[in-house]
Every structure is written in structure tokens, then in C-alpha cells.
Amino acid sequence: MYICRIYYKTILMEELSSKYNPALTEDKWYEYWLQHKFFHSEPDSRPSYTIVIPPPNVTGILHMGHVLNETIQDVLIRHARMSGFNACWVPGTDHASIATEAKVVGRLAGMGIRKRDLTREEFLKYAWEWKEEHGGIILEQLKKLGCSCDWDRTAFTMDSPRSESVMRVFVDLYDKGLIYRGLRMVNWDPKAQTVLSTEEVVYRDEKSKLYYLRYYVADADVNPVVPTGEEGEVLHIDGQGRYYAVVATTRPETIMGDTAMCINPKDPKNQWLRGHKVTVPLVGRVIPVIEDRYVDIEFGTGCLKVTPAHDVNDYNLGKIHNLETIDIFNPDGTLSEAAGMYVGRDRMDVRKQIALDLDNAALLEKIEDYDNKVGYSERNQDTAVEPRLCKQWFLKMQHFADIALPPVLEGKIQFHPTKYVTTYRNWLENIQDWCISRQLWWGHRIPAWFLPTAEGEEEKFVVALNVEEALAKARKIKGYENIEAEALSRDEDALDTWFSSWLWPVSLFGGINNPGNEEIRYYYPTSDLVTGPDIIFFLVARMIMGGEEYMKDVPFSNVYFTGIVRDKLGRKMSKQLGNSPDPLKLIAQYGADAVRMGMLLCSSAGNDVLYDDSQVEQGRNFCGKIWNAFRLIDLWNVDEGKVQDEASAVAVKWFESKLNETVATVEDHFRKFRISDALMAVYKLFWDDFCAWYLEAVKPAYGEGIDKTTLARTKEFFEALLKLIHPVMPFITEELWQKLAPRKDGDTIMLQSYPIAGDSDKELIADFEAATSLVAAVRNIRQQKNISPREPLVLKVEGSALKDVEAVVRKLAGISELVRVDSVNYDEAGSSILVGTIKAFVPLGNLINVEEELKKAEADLLYYNGFLESVRLKLGNEKFVCGAPEKVVATERKKESDALATIAALQQTIASLKALK
RNA sequence: GGGAGCUUAGCUCAGUCGGUUCAGAGCGUCUGCCCUACAAGCAGAGGGUCGGGGGUUCGAGUCCCUCAGCUCCCACCA
């Protein structure tokens, strides 16, 4: 029988490699989980715990930022699933209109096809082809990471339920008067040739030039220039006695659109220009000098050229002063016919050219270096955004700000970390209307149909779910009673991508198309949203708006903001720098568990993550540790006749307490979304407490078996540890859980219940900790004195200290004889140990170096004397004794008495050491 | 220009209500070990005037003021 067992074990040992190989387990278990539909959720009697994925771009690929976000979501989901919740993590992708359309346009360009040569239908065919080819790659990558998404629910922001939701919402908001069409100064992306919302424009500091241009006074013959002679007056006269104004501009290429020059009425420098007209340089157009307090007297020369078509401020000035608006740009950023000059050339080229031409015409005073901010499309960082006046669709935002602010301020939605509440509030309190139309084809086409109108007549349109409804609505309009469908023309524009993702938590469960259905009632509101702070306005705020508007309730209770993943030098990860590792390669190299742990180790909520491979290595090492711990336990044979020894009994009692204590800590961390702290607590529990102390304490001597009780308890502990680790490292924990005991098909660790904290014996934990310090002290003596760990030592311990855990000390410190003494006998040669208030002594005979021991003891004495002094200073202070809580005073008194005892012992040691000299 | 945040060990960071021997953790470093679970490991050790200054308090890493440095967000000064 015994031989059989050994034989059996040998076979097993061969199967159980000495190193953990993630490649052999990960795909296997993921497949198993999928087969058994463990990720799938249906409404039932359990409470729901729901996360909707912030949908990544459909054609995107996994980067380190995703790894961080998705790992956190999976940890939360797996933890909830094991904690009795019906966990549902809904995956999906975003159609990302601008980004995807740009990619499709790029691909077509490679094929020699221009978008403008295609019809909308033709273009969309290509776009869908692209989506089918590249779409969803990222979802497959999430599977490699181990994400337990409910794949049966995979959605796409442009699939038909989501599209229908968007259409319904658009019509509804229009009917409520919240969507309007208006002529506004908007941000135009000349490359993508679409407008952008204010949020989609990112400003970059740029070194640019400030051009000082001459605007000659045009009406001097009929309206002579009269210097005022005021102090501070600045006149410009050229060699021929002609007066001119100097205008500073960063954009000389816009002078063709100038329709006025503006000065501050209070500016003494430019008083003489009042009431005059000036000539736009090169262009020759005569424009009035207007006055407005808007102009900064200190900037440049105090003269501002006003180009109402191409600058927001100028546009506003134009409105106030009734100025003409000359749009000199084509949609692609080239100069239009209206410019009259440089027609067809790119605005940036014209800027360079016009500077030369102005200089040649002696109209350029000077050029200065100037730092300013230039807006770029968030999606396209190489083409500057152009302010442009055009007619677009807008969503009135004040109403949404009003409904979205209270839940966050009142704490119905909690932000982690809380600092983002301020950011959120600030944005909502200064909200601007949301420009929701985009001049793109890839996206939800705006459900508005224009009616034929006479030349010059104001546009007429109807908003409806489909053309039939549109026709019905149109026919109700006076004069259009007999209109046919063919006469209606649908708006060409699409909606902003975020106009679909803001509905995501509602639309995923049919809350828009089928309000009040079973799923939306069960899953909504969802639990947590995990995302980066960069999309707090784009996504988080708007989801709250959408939820409040359509469900009259918050979309989620918690928002966990992750930081940005940077390299270890603190730089953002970017393709240009090449500092972004490919997550899939990392997974192949280290295993998904290691990558997940590596990401979590360094990520406290809201802080940027400085990623370094060493963290993933640490994750891999942890896998190795878990693996080997299992190998050890697996190796042990039960010795049926053996009775549990004292060291094992104590260790079992202690670890049980320690486990319970840590489980409570972990639960607390989870409640506070301190995921990396939870992980670290489990990591230390496993590595330090379980492996370094517990396993060593119960480990049978070489060649011996283990008693039945201890092995059973050890396996229990190991299983509890696997469960604790599982949310973070799903694969290795499943692998070992399956090996730990016989399992049936369909068994899985991911559906076991997460450990719940039981009672823990605080006193025992404290004693055990003291014992480990004592053991360390003995080991330290061994190292210093070069005594082998196998050479038995005698340990004298004063009083009955650590009696409960004595057996452990004996075993782990290699103590052959542990003697209890009333008072340590310092007459013999040895090394004294002081652990807290515990005094111990290791007799060493001639191994001892008296001089060294003396030095050590004297240093200790010095420290304790100083310590005693500071404690007594406190206790001597009447205000402290009266003012501080009793508990604090009591600890100080205990410190005093402990210090006194310690000092006495040290003095005794020193005396006896001196006697030995 | 407005707002938020950060500064604690070589690195990355915890430090909750102002009070335990509270100055911590992980990684790295140093020293000694291949001892049949694990060298991707074991054992042990060293390391900090808590950014500077001031204040409140019996007591400050923690609260207040101030200075310095860094980061991020928002904003229409050409």
C-alpha cells in the first residue's frame, strides 16, 4: 500500500512540473468557462451586480490602458460573482465614428478611391467591411486577459437595438425642445471635414509667430488725422507722411476676412484712430475702426483685426457692431473664392506666403516669437481645428446639467477618488450646448427630413423615427399636405459617437426601446463604472444625464477612475516613443495572471500608473510561489497513526485567525475600491504568513508523513487562499483548485463562495508575531556567529512569555532545549535577545564576542534611556495627563514601565558582560 | 487667467478620526545560503529632519498659513 502510494505520487510529480506554465492552462480553462456559460447572467432571485464596459473602439486593439481598466472590472465582477451576486459584465464596442471613418478613408485612399467619389451607400459598404474585418479583435484580446464578460450580450453602439434607441432618443429630445438646429461658431476639423464638440478639441502649446501688420489710414484726405497729444499716444507715420495702425496677429492669412479693426475706447495709444477707416494690407479693402472694451490695451499694439468668420471673439464683435462676415476658407482648409487671393491654397501655406508678400510690400513691421495655444482634434493631432460658422444640431445642456449634478453632489453616485467631483461639478456649472451633428457617414444618421423650400426661404424639416413618420408629419405642415416621400431629403449628417454611448447603460438592457422590461428592471442601475478620467465629460457625465433622463435614476452607483498608464519614467505610452509594451506579448511571455497582477500592484485609484516589466515579473513570481506551495502540500503523505504535534496545532489555530483577519481587511479594501491594497494584503498573507511561517511550522521532517488533521486543515487554508486570489489571478487558481481535490465536470472555483471573515484571536496573532520576531532574532544570531541552521541551540526565555506558541519557536529557530528562567542568567557567555518586552538568551559558550555584545547592549541602553526620557516628559506634563484620552495616557504609562524593565535588564547584561571581560 | 491635486526610504506608493514602540509596504540594495516546494527561491540586514519655514495643540507625516517645486483639468486674449 505504502509503495503504491509512493509510486502514485511519483507519477503525479512527473505530471506536476516544477514550474508553472501559464500557456498550458489559460486557454484550457477559458474554454471550460465558456463551455459551461459561467459568465452568462439571466435575471434571477439573487441581487444583481452589473458592470457595462465603457465600449472600446470597435477597430481598436488592446493597449496597456485597457489592460488596467478591464482587469479592474474583471476583479470586481469575479469578486461579486463569488460573493453571492448575479454578476453581469456586458461587453461591447463603440463605432467611433471619426476614428473609424478616418481609417476607412485611409484604406480607400490606398486603393486609389476618394471618399467624395463614392455614394453614401458605397462608402458604408466599405466601412462595414472594415468593421467586420477588424471589429471585435479587442474583444478576443479581452478573452486572453481572462475577462469574464457575458459574451452572449456583446453589443455594438451601431447594432440595431442601439441604433433604434438613438433614433428614439433623438426624436424624443427634439419633441421636448431640447434639440435644436442653429448657426453657430463651431470647431471645424479640416482634415476629417466635420465639426467637433468643444470637448473634442484639445489645446496644445505651440511656438508660433506674432505678425505686426500695417493698416494704413484710408480716409486721411477727407478726415485728417489729428493727434490728440495725450500722454501715451503712439503714432505711426511712414516716410511719405502717411499714418498707419499696427495690428498684431498670429493669423495673417485671415486678413482677407477682416471687416473691421477694433481698439479699446480707453486706450490712449490709439485715440487718434477713432472714427477713421483703415485699409487691410495687400487686400486693399477699407474697413472701419470700431471701439470695444473687449480689446486688451496691453496686448500687442492695442489694435485688433476683426475677422468675424474665423474667430469666436471676432464673431461676437461682429454681431455687436453689425459687421459683415466673409468666410475665406473652404471646408478642407484651403482659401475660397471669397478670399479673392491665394484661392485654393492651404491656409498654412498661405500664412508663410502672405508674410513674405506683406514684407515685400513693406506692410510687415516685424515678427515676434509667441507662445500660444492651438486647438487640435482629439482624434487627429496633426491638423489644427478651424473656428467656423455653420449650421449644426445642438442639444441644450442646461436641463441635463440640472439633473446630473445632484446625484453626484449628494453621493448617490460616488466617485473614486472623490477629487473628480470638483471637476465634474465645474464642468456642469459652466456647461455649453452640445454640438451633436457630424459631417460623417459612419454613424447614426440624423433622423431629420428637409422639405423642399423656395430659394431664400427658411429651411423646413421634420424629425421622425423613419421616412414614413416623417412623411406623415410633413403632410401636417401647411402647404405640404400632398408631399410625397421622394420630395423629402434626409439630413446627410451623422451623430456624434458619444450620442450613442451615453445611452449605453440603458440601451444595453432595452430600456429605451422597451421601457420597463424585465432586464432593465433587474440590471439597472448598474453597480460600478470603471474608466479613465479623460472621458469624465464625454462618457461619465453624459451617461448620468442619459440615465436620469430616461430611467429617472442614476446609471451606476460608483465610478472608479483609473489613472493613465505611463512608462517607468513617467512618460505617457505612445507609439512614437515605442514605450508601450504589447499586452498580448506580455501575456504570452508571463501569463495573463502575472500581467493582471502586475498592473494592479501599482494602481491606486485615480493615480497614474508607472508601468514597469518588473511588476509583471513579480506577478509571475507569485504564480511560481503559489504553484510550488501546492507542490509541497501535494507531496505530503498522511501518516495515519501520527498525532498532530504541538507546533502544527498552534500554527493551524494561528493561521485560521490570521486568515480571518486578512479576509476582513480585504473586504474592507474592496468596499473602498482599494483594489491594489486588497491584492497586497492577500499577497502577503500567502507569501509571508502561509508559505514562510505556516507551511514551515507544519512541515513534517524529511521522510516523515504528516498527520491527517493538519493536512486537511492545510488544504482548507490553501483552498481559501485560492479563492481570495481568484479574482485577480483566475487561471492559476482554477488550475490548482481543480487539482486540490477530486472535481466533477462543471465544478469551478469561480462559482465558489468568497471567504467570509470569521473570528480571529487577536492575542494569538500578536503572540505569534512576537514568536516570529524571536525566531528571526535567533536566526540573526546564527548568521552573525556563523552557526548552521541545523546545529541545535538552547534558548532561555524569561518568565512564561510566548508559552502558547513555544513549540513554533522551537521548531523554526532550531531550538533543542527551551528553558524557562525567572531571570536570564547573564553569567554565562551568550547573546541576549530583546523582542518587545520579551527577554531571551542564547548561551553560546566561547562563540561569543564579548566586546560586540557589550557594544550592542550599550547602544540599546542609550536608545531606551532616551525613549524613557521622552515618555516621562510627556507624563510629567499635567496638560497631557489631564487633556489626553485615558487610553493614550495608559499606553504611555505602560511604555514607561516596559522601558524601565528593559533598562534594568540591559544594565544587568552589561554588568555581567563586563565581568566576563 | 481660474480650479484641483501632489511632494514620506534608492524607485513606486500607503499612512483612514490629530494619540499604541508610528515613521510603514512592495520593489530594488547589501550579506549569507542550491537546506529535496520554490535561486522566478530561502534567511538575515541596512535605509527616511515625512519639500522649506511658521502657526494651532498636552501632542502634527496628519489641521491652518506661507514659500518652493511638480502634475493635471478648465478658459475665446488676437
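A few notes on this one:
- Residue tally, condition within 16 Å of RNA strand B (Cβ to nearest atom) and exposed (fewer than 13 other Cβ atoms within 10 Å of the Cβ), over the range A:185-241: 5
- Selected residue (only one of A:Ser832, A:Ser823 is at pLDDT below 80 and more than 10 Å from RNA strand B (Cβ to nearest atom)): A:Ser823
- Taking (1) over 57 Å from the mean Cα position of the chain (by Cα); (2) under 21 Å from A:Glu769 (Cβ atoms) in turn, A:Leu847 satisfies each apart from (2).
- Scanning the range A:519-577 for residues that are in a loop (DSSP other than H, G, I, E, B), under 21 Å from A:Thr50 (Cβ atoms) and at pLDDT below 95 returns A:Gly532, A:Thr562.
- For A:Met599: the one exception among (1) in a helix (DSSP H, G or I); (2) within 8 Å of RNA strand B (Cβ to nearest atom); (3) farther than 15 Å from A:Glu26 by Cβ: (2)
- Complete set of residues in the range A:681-693 that are more than 9 Å from RNA strand B (Cβ to nearest atom) and either touching a Cys at 6+ places or on another chain (Cβ under 6 Å) or not aliphatic (A, V, I, L, M) (or both): A:Phe686, A:Asp689
- Count of the range A:402-422 residues which are on the phi > 0 side of the Ramachandran plot and outside any loop (DSSP other than H, G, I, E, B): 0
- Residues that are touching a helix residue (DSSP H, G or I) at 6+ places or on another chain (Cβ under 9 Å), hydrophobic (A, V, I, L, M, F, W, C) and surrounded by fewer than 21 Cβ atoms within 10 Å (Cβ to Cβ), drawn from the range A:291-325: A:Ile297
- Residue count for the range A:747-780 under the criterion of being buried (at least 17 other Cβ atoms within 10 Å of the Cβ), within 9 Å of RNA strand B (Cβ to nearest atom) and more than 18 Å from A:Asp804 (Cα to Cα): the result is 2.
- Every residue from the range A:296-313 that is among the polar types (S, T, N, Q) and more than 6 Å from RNA strand B (Cβ to nearest atom): A:Thr301, A:Thr307
- Flag for A:Arg181 being within 30 Å of A:Leu108 (Cβ to Cβ), of a type in the set (Lys, Arg) and either away from RNA strand B (no atom under 16 Å from the Cβ) or not in a helix (DSSP H, G or I) (or both): no
- Selection over the range A:187-210 of residues that are part of a strand (DSSP E or B), in contact with a helix residue (DSSP H, G or I) (Cβ under 9 Å, 6 or more places away or on another chain) and hydrophobic (A, V, I, L, M, F, W, C) gives a count of 1.
- For the range A:850-864, filtered to residues that are surrounded by 15 or more Cβ atoms within 10 Å (Cβ to Cβ) and more than 15 Å from RNA strand B (Cβ to nearest atom), the residue that is farthest from A:Leu774 (Cα to Cα) is A:Leu854.
- Filtered by the rule that a residue be within 21 Å of A:Gly84 (Cβ to Cβ), part of a helix (DSSP H, G or I) and near RNA strand B (Cβ under 10 Å from one of its atoms), the range A:661-680 gives A:Thr665, A:Asp668, A:His669.
- Which listed residue is surrounded by 15 or more Cβ atoms within 10 Å (Cβ to Cβ), modelled with pLDDT under 95 and not small (Gly, Ala, Ser), from A:Phe450, A:Phe400, A:Phe394, A:Phe415: A:Phe415
- Given (1) within 13 Å of RNA strand B (Cβ to nearest atom); (2) at pLDDT 90 or above; (3) in a strand (DSSP E or B); (4) of a type in the set (D, E, K, R), index of the condition A:Arg425 fails: (3)
- Residue satisfying all of: in the range A:697-727; part of a loop (DSSP other than H, G, I, E, B) and within 14 Å of RNA strand B (Cβ to nearest atom); farthest from A:Val808 (Cα to Cα) among these: A:Gly703
- Test for A:Leu873: is it within 10 Å of RNA strand B (Cβ to nearest atom) and either at pLDDT 85 or above or among the acidic types (Asp, Glu) (or both): no
- Matching residues, the range A:839-865, being of a type outside the set (S, T, N, Q) and part of a loop (DSSP other than H, G, I, E, B): A:Leu844, A:Ile848
The values are calculated or read from the model by the stated rules, or taken from the named source; none is laboratory data. Because the structure is a prediction, the values reported are computed rather than measured. No Cβ is skipped: glycine too gets one built from the backbone with ideal geometry, and neighbour counts run over all protein chains shown.
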